Every structure is written in structure tokens, then in C-alpha cells.
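Reviewing the structure listed below.
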């Protein structure tokens, strides 16, 4: 079991609060940031690099091996 989690802010520093969808190339699960934070359950541990998307736009690639923190700034 693994999850991707972290903060979610706009470039101006404002918190993203339910106005964006975080998803990955790993599975079809989605997360909806609340109060500037998100947590996305990945199910099985990918143990590889995955691509992270916000509202369908590629924002990062991250190596996931267990719970992994990725702070998002749009």
C-alpha cells in the first residue's frame, strides 16, 4: 500500500481547496485538495517513477516507493 500526499498551493501562495483534481499515471484514483493539502491512495506500491497530473496537466514525475510526499505549486 502506498500514498502520495503533500501541500497544494497556487503560485501566489493561496491554498487549493477543492478546485483541482490530482491524479497519476499509476491508476485512476483521484484526490481533491482541501485546505491546501491532498492525499492520494495509490493502492499497490508502484516502486517506480510515476507522472502526477493536476486537472489533466502534467505537473511532476516522482519516484514512489511507499508513502511519498510531493508538494504541488500551480
How big is the chain by Rg and Dmax over its Cα atoms, in Å? 11.3, 35
What residue among 62, 54, 22 shows peak mean-square fluctuation when the chain is described by a Gaussian network model with Cα springs under 10 Å? 62
Counting pairs of alpha carbon atoms under 8 Å apart in space and at least six apart in sequence, what relative contact order in percent does the chain give? 40 percent
Gaussian network model of the chain, Cα within-10 Å springs - most flexible of 12, 41, 55: 12
What nm distance separates the two modelled labels at residue 12 and residue 48, each placed 7 Å from Cα along Cα→Cβ? 4.0 nm
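Values in this text are rule-based calculations from the coordinates and carry no lab data. Note that the coordinates shown come from a computational prediction; the quantities given were computed from them, not determined experimentally. A quick note on method: Cβ atoms are made from the backbone with ideal geometry, for glycine too, and the neighbour counts reach across all protein chains shown.
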